[in-house]
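> My structure is below; once you've seen it, I'll send some questions.
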Amino acid sequence: MKKIVRTLFTLLIVGLMLCSVHQSFAQRTQIRGFVDALTYYQGGKLNFGLGEQDLFITSELNERLSFLGETVFKYSADSPTLFDISIERIIMKYNYAGNHSVLIGKHHTPVNYWNDTYHHGRVFFPTIERPLVFSEGIIPLHTTGVSLQGQNLGNIRFGYDLMVGNGLGSSDLADNDKFKSVTAAMHIKPVDGLRLGASFYHDVISGGSILHNHAGGSPMIMSQVNQNLVTGSVAYFSKKYELLVESTMAMSKSDSLGMQNTIATYAYAGLKVTEKFIPYVRFDDIQYKNKEVYFSNNNAQSFIGGLRYELNYLAVLKLEYQYTKRQMSTDTDKLTLQLAIGF
């Protein structure tokens, strides 16, 4: 009997050891989601609407290799079902040394703090919508390619991104011309809550390219455009204060009209009056040149005043008023109430 007990005990110990070894090398996958719904008053009528439903998947295959996938379901009037599925990110990441990694796939182009941080989970946005610099098509949202990345290096927590990929007008499967887009970005975090960053983006957009992330639709570029973007950002988020200021100079050059500069800036500020209530403001300003060769030449300014109520980390209610003024169109104002959650 004692021999049987010892045998069973030995088998139990071996089984626990094998289970522990298996778990230490087991693949760890997490699936999260984000969604938002809103109601807004504009043009003399009350409206109800849905935002995006975001499916966010991360998986650690081993200590060095990981995967990130982000898929968005959103309304589209052109779809037979009135909803489209959009693959926003597919990234395979290999940590080859310390905090240095190589990433392959479809990225959010790291040209500014907002595009590099918030992505599609509206629950994390400080305001309801992205700044005008996105809706005007100035920021290249995505790049399919390969990048080198470093994070939290040294005492100032230096970070960098060096990326080469398909340029504007290309697809996720192939480049539409021989040119490649190049992104070089860096930032430092000298103290807790503070991030200072700068980036440079270069692309050559060939004639005949269809630009899907362009204000006013998907226009065709008739002649080749050389484009450079230079961006600077200051972000400070503490237990009480929130500040985010970013400015981008877009330099577009064509053979016929030469170099034209567009400057797009936004500034956000929030104050945590309690742990849950954060009143905030945001100002956007975009100034185009009269002979702009790439963007729609329609100067725009926007003012936002809002109140954010954080029920918890993954449930946020926002009430926001926005007034937008454009050079060649009617001024608009809008009052919006949004509930954004994570699950």
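The values are calculated or read from the model by the stated rules, or taken from the named source; none is laboratory data. Because the structure is a prediction, the values reported are computed rather than measured. All Cβ positions, glycine included, derive from the backbone under ideal geometry; neighbour counts span all protein chains shown. Only protein heavy atoms, including side chains, enter the accessible area calculation; ligands, DNA and RNA are left aside. Shrake-Rupley method; radii C 1.70, N 1.55, O 1.52, S 1.80 Å.
> So how tilted is helix 2-24 from the main axis of the chain? Cα-based, degrees 0 to 90, rounded to 10.
Approximately 20 degrees, to the nearest 10.
> Classify the chain as rounded, prolate or oblate from the Cα gyration tensor: take a ≥ b ≥ c as the square roots of its eigenvalues, call it rounded if a/c is under 1.5, otherwise prolate when a/b beats b/c and oblate if not. Numbers along the way, then the final one.
Values: a/c = 1.94, a/b = 1.50, b/c = 1.29.
Prolate is the answer for the chain, as a/c is 1.5 or above and a/b outweighs b/c.
> Also: Rounding to the nearest 20 debye, state how big the charge dipole of the chain is about its Cα centre with +1 on each Lys and Arg Cβ and -1 on each Asp and Glu Cβ.
The calculation lands at about 1200 debye.
> Per the helix-only calculation at 222 nm, which mean residue ellipticity applies to the chain, given -39500 (n - 2.57) for every DSSP H run of n ≥ 4 and division by its residues, nearest 500 deg cm²/dmol?
-3000 deg cm²/dmol
> Once phi is turned into θ = phi - 60°, what whole-Hz ³J(HN,Hα) does the Karplus curve with 6.51, -1.76 and 1.60 give for every residue of the range 107-114, x standing for Gly and Pro?
10, 7, 4, x, 7, 8, 4, 4
> Of Lys106/Lys180; Lys106/Lys253; Lys189/Lys240, which ones are farther than 20 Å apart at the Cα? Intermediate values should be presented prior to the final figure.
Values: Lys106/Lys180 14 Å; Lys106/Lys253 27 Å; Lys189/Lys240 18 Å.
From Lys106/Lys180; Lys106/Lys253; Lys189/Lys240, over 20 Å: Lys106/Lys253.
> So with the 1.4 Å probe, I'd like the accessible area per residue for the chain, rounded to whole Å².
54 Å²
> A further question follows. What are the residues whose amide H is under 5 Å from the amide H of Gln42, where those residues sit 5 or more places off or on another chain and H is modelled from the backbone?
Those qualifying (amide H under 5 Å, at least 5 residues apart or on another chain) are Asn47.
> Select from Ser181, Tyr294, Leu61 the residue farthest towards the positive end of the dipole of the chain; place +1 on Cβ of Lys and Arg, -1 on Cβ of Asp and Glu, and compute about the Cα centre.
Checking the options against the dipole of the chain, the answer is Leu61.
> Here's a follow-up. When the accessible area of the chain is computed with all protein chains present and a 1.4 Å probe, what percentage of it is carbon and sulfur?
Using a 1.4 Å probe with all protein chains present, the chain comes out at 63 percent carbon and sulfur.
> Cut-off under 14 Å on the C-alpha distance; same-chain residues fewer than 8 positions from Lys291 excluded. Which aspartates and glutamates are left, in chain and number order?
Leaving aside aspartates and glutamates fewer than 8 places away in the same chain, those within reach of Lys291 are Asp255.
> When only Cα pairs under 8 Å and 6 or more residues apart are kept, what is the percent relative contact order across the chain?
Working: 854 pairs, mean separation 41.9, N = 343.
Relative contact order here is 12 percent.
> Quick one: net charge of Tyr309's neighbours, Cβ under 11 Å, K/R +1, D/E -1?
Numbers: positive: Lys276, Arg308, Lys318; negative: Glu275, Glu310.
Neighbour charge sum, excluding Tyr309 itself: +1.
> Lysines near Lys318 by alpha-carbon distance under 16 Å, same-chain residues fewer than 8 away left out - which ones?
Once the sequence-local lysines are set aside, what remains near Lys318 is Lys272, Lys276, Lys334.
> Please enumerate, by chain and number, the aspartates and glutamates with C-alpha under 16 Å from the C-alpha of Lys45, excluding those fewer than 8 residues away in the same chain.
Cross-link targets: Asp333.
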